[in-house]
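Report on one structure; see the data block that follows.
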Amino acid sequence: MPLHQLINLIAALTLAFLHQWAAYVHPGKYIDRRYWLAFADGISITYIFIGLLPEILHQAEASSAPPGSSFAQLLITSIEQYPFLPLLAGFTVFFGLEKGIGRKNGFTDQRAEGSVHFWVHMVGVSLYKIILGYLLANMTNVAAIASFAVAMLMHFLVIDFHLVEMHHAAYQRIGRWLLTLSFMAGWILGLLLSISPGILAVMISFVAGGAVLMIIQDEFSEAHGNSYAAFVTAVVVYTALLIVL
């Protein structure tokens, strides 16, 4: 097996099953949450701006509509002209869902697993995981795989932390398994299927909008009081790392 395929497989399994191991590896067991959450958010937002957004532009530039399909031509033309429009749509839709379900006191809602709140989070994050799994499966550069894995490792730990706070037993029983299966499903799809660049650009941009919303909500939450110094440190260090790689 080529080295990049082996590294890709290891990264996929680690990221997919992270939610099963999160209780044992959470930095919060050793570091004040104000610092590790802010540091993880800094890495996540850096990867979105330096890793995902350029990928959206790349996929949009490579897109081409099939002849005779007016809707597809319109969609591809829109993506070529406004590649971040789905990002705005994703941000707006996820924000509307959060507002619409009447979110209580930050991340302390304790409704049962049958609630709309729980399933909105599960569907949204699962879609996000599927697309990220697909992206990982199509990476062939070892440095790109490593930088992606580090960013997603931190990002997924933050997601896991907040979902445990919000949904408790429901997430432990159902949610974490859904997220594990979603990431692996996306990775397997990436090995088996090839999505057109235009559609992929739309998908990446849409979920990037949701991810940006998650990070902004976390960093601006008065309940958490995250460290700005830790956030900036992560942004600077990870930006330098991505530029070097």
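Test Leu245 against the stated conditions and say whether it is surrounded by fewer than 16 Cβ atoms within 10 Å (Cβ to Cβ), of a type in the set (A, V, I, L, M), out of contact with any strand residue (DSSP E or B) (no Cβ under 8 Å at 6 or more places or on another chain) and modelled with pLDDT under 90. Step through it out loud before you land on a result.
Working: surrounded by fewer than 16 Cβ atoms within 10 Å (Cβ to Cβ): yes; of a type in the set (A, V, I, L, M): yes; out of contact with any strand residue (DSSP E or B) (no Cβ under 8 Å at 6 or more places or on another chain): yes; modelled with pLDDT under 90: yes.
It is true that Leu245 is surrounded by fewer than 16 Cβ atoms within 10 Å (Cβ to Cβ), of a type in the set (A, V, I, L, M), out of contact with any strand residue (DSSP E or B) (no Cβ under 8 Å at 6 or more places or on another chain) and modelled with pLDDT under 90.
Considering (1) outside any helix (DSSP H, G or I); (2) under 20 Å from Leu52 (Cβ atoms), the lone condition that Ile159 does not fulfil carries the number (1). Give me the pairs: first residue in region 203-218 and assigned to a helix (DSSP H, G or I), second residue surrounded by fewer than 23 Cβ atoms within 10 Å (Cβ to Cβ) and of a type in the set (Asp, Glu), beta-carbon distance under 9 Å, and six or more apart or on different chains, which are they? Matching pairs, first to second residue: Ile204/Glu55; Leu213/Glu98; Gln217/Glu98. Of the residues making up region 15-60, those that are crowded, with 16+ Cβ neighbours inside 10 Å and among the polar types (S, T, N, Q) are Ser44, Thr46, Gln59.
The values are calculated or read from the model by the stated rules, or taken from the named source; none is laboratory data. Note that this is a predicted model, so its numbers are computed, not measured. Cβ atoms come from the backbone with ideal geometry, glycine included; neighbour counts cover every protein chain shown.
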